[in-house]
Amino acid sequence: MTDPRPLAAIILAAGQGTRMKSSRHKVLHPIAHKPMLLHLLDSLAALAPQRTVVVVGSLREQVEAAVAGRGVTVAVQSPQLGTGHAALQAKDALAGFDGDIVVMFGDTPLVGSATIARLRAELTDAVAAVVLAFRPDDPAAYGRVIASDGVIRKMVEFKDATPAERAETLCNSGLLLVRAADLWPLLARVSNDNAAGEYYLPDVISLLIGDGRTARVIETDPHEVAGVNSRAELAAMEARWQDRRRAAAMADGVTLIDPASVFLAHDTVIDRDVTIEPFVVFGPGVRIASGTTIRANSHVEGAEIGPDCDIGPFARLRPGTVLGAGAKIGNFVETKKAVFGAGAKANHLSYIGDATVGARANIGAGTITCNYDGFFKYRTVIGEAAFIGSNSALVAPVSIGDGAIVAAGSTVTADVSADALALVRPAQTEKPGWAAHFRARQAAKKGK
Ligand code: UD1
Ligand code: MG
């Protein structure tokens, strides 16, 4: 499906974000481990905009770094004279662009691509602009959209509104769609003669209505256009995002025993018939294939988990973990850049990092891959069906052959051949009767 009219986007993000009390730009605070701004850019990506401009005030470098490689232009608005003035700062970056322009707020990150597509569908020959509105439980100080049958009669900021206008419940989300050919001349006409002394973006709508043209409004769920101004609002938005994703995962056939205690990341992919026990947290970059169980209190990040694996409880899978079919990672096991073959197991109390573990190998309790000398990292290779005895230290770089056995308590510093036994510990000696003799002597001493 190709849209005949090209699209550009302006994302306004020059506000101070004072209430976040942060040295990080407001739009770079994450929801589900992804900066708010990138949520918006990803929604936009579905509509393939030709150009995207982000308008910032301060902290330009942070925003530029975050959008690097995405073909986004960053423009600066200084000083910040209002949303209309902010949109105008994108004009140079959009020079020569002739199509639809969607203006969005960077701190309203969860607007979906379907909603932007709805706006586009409303922008017909007879319609000059489309505004996205919502009806919140408390309309508070939002700008009001006064409309009938979807046709806007007036847009008014709360500060400038009459009591009757304030009684209206349809609120401006800030998001609007207008043609480039109309936007720039309209913005040039916007004045700051109002209660706030600011150049209001919504004034472009009032101006075009005054010109006898038509602007329409469409409504969406208040949650979709919720903004983030404080850490508390960030947490509230995260909570709603998590609820939605948990519901979607369950609808897709994932069992969450206690959904509220499972935290997903923006890119978590979970196949059907996976079971996730309570208190499991996912960082970014996780894929889980069907039939796997993740037991309680596990933390999983950057991991590719094959079908039918058994993870946890209390497992920590770090980035670069790849588990083959039926692998088992048990309690208090940490893995990092570790590739486990099918059916390999590390069931208790281990650190396996920078390692390859062959299919069906068994890693005993307390095994440590000593992968770091304070300067460099080294690899450990464990062969298929090898058996690593409990409390072994494998000092990398080292490789254990297929089918080899490492005796418990070994500190292995040299490669072990396939099917060999490596036993690296002092031979056991025994002194008959020594313990009884020792106790008798000490007791006598204490008795004196
Ligand atoms: C704005 C709308 C209001 C709407 C509300 C929805 C205007 C005049 N008012 O009000 O109708 O109901 O959002 O949340 O548009 N920004 C800049 N430069 C500026 C000022 C703002 O880039 O000079 C950016 C902010 O970073 C933010 C967005 O524009 O992303 C909205 O600014 P904000 O100050 O929150 O506007 P509101 O007063 O909430
Ligand atoms: Mg606001």
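Below, the figures for the structure above:
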| read-out | value |
| --- | --- |
| Amide H contacts under 5 Å for A355, placed H, 5+ residues apart | A338, V339, T380 |
| Helix 113-122 axis, angle to the chain major axis (alpha carbon atoms, nearest 10°) | 20 degrees |
| Over the range 337-448, volume per residue of the alpha carbon convex hull, in Å³ | 139 Å³ |
| The range 374-448: chymotrypsin sites (Phe, Trp or Tyr not before Pro) in DSSP loop, at most 12 other beta carbons within 10 Å | F375, F376 |
| Among T115, T169, T429: highest mean-square fluctuation, GNM of the chain, C-alpha pairs under 10 Å | T429 |
| Percent RCO, i.e. relative contact order, over the range 231-422, from Cα pairs under 8 Å lying at least 6 residues apart | 10 percent |
| Evaluated over the range 237-284, the Cα radius of gyration and Dmax, each in Å | 9.5, 28 |
| Estimated translational D of the range 60-124 in µm²/s (Stokes, Kirkwood radius over Cα pairs; 4 °C; 1.567 mPa s) | 93 µm²/s |
| Angle in degrees between helix 180-189 and the longest Cα principal axis of the chain, rounded to the nearest 10 | 70 degrees |
| Distant alpha-carbon pairs in the range 1-152 (separation over 28 angstrom), percent | 20 percent |
| Reciprocal mean inverse distance between Cα atoms of the range 231-422 - Kirkwood radius, Å | 16.9 Å |
| Long-range amide H partners of G409 with built H, under 5 Å | S390, N391, S392 |
| Amide proton proximity set for C370, modelled H, under 5 Å, gap of 5+ | L394, V395, A396 |
| Neighbourhood net charge (9 Å Cβ-Cβ; Lys/Arg +1, Asp/Glu -1) for A315 | +1 |
| Relative intensity, log₁₀ I(q)/I(0), of the chain from a Debye sum that treats every alpha carbon as a point, q = 0.05, 0.08, 0.11 Å⁻¹ | -0.30, -0.62, -0.90 |
| Chain lengthening between A48 and A68 when straightened (0.36 nm per residue, less Cα-Cα) | 5.5 nm |
| Volume of the Cα convex hull of the range 69-175, divided per residue and given in Å³ | 145 Å³ |
| Whole-angstrom gap from the range 152-184 to the range 258-323, using each part's C-alpha centre | 45 Å |
| Residue-averaged [θ]222 nm for the chain, counting only DSSP H segments that reach four residues, each worth -39500 (n - 2.57) | -6000 deg cm²/dmol |
| Once the Cα gyration tensor of the range 1-76 is diagonalised, semi-axes √(5λ) in Å | 24, 13, 10 |
| Long pairs among K34/K159; K345/K377; K26/K159; K26/K377; K21/K337; K26/K337, criterion Cα-Cα beyond 27 Å | K34/K159; K26/K377; K21/K337; K26/K337 |
| Estimated vicinal HN-Hα couplings, Hz - the range 70-86 in sequence order (Karplus 6.51, -1.76, 1.60; Gly, Pro = x) | 9, x, 9, 9, 9, 10, 10, 10, 8, x, 8, 10, x, 5, x, 5, 4 |
| Pairwise centroid distance, computed over Cα atoms, of the range 1-72 with the range 333-402, Å | 42 Å |
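Where a number appears in this text, it was derived from the coordinates with a stated rule and is not lab data. Here the structure is a predicted model, which means the values were calculated and not measured. Please note: Cβ atoms are built from the backbone with ideal geometry, for glycine as well, and neighbour counts cover all protein chains shown.
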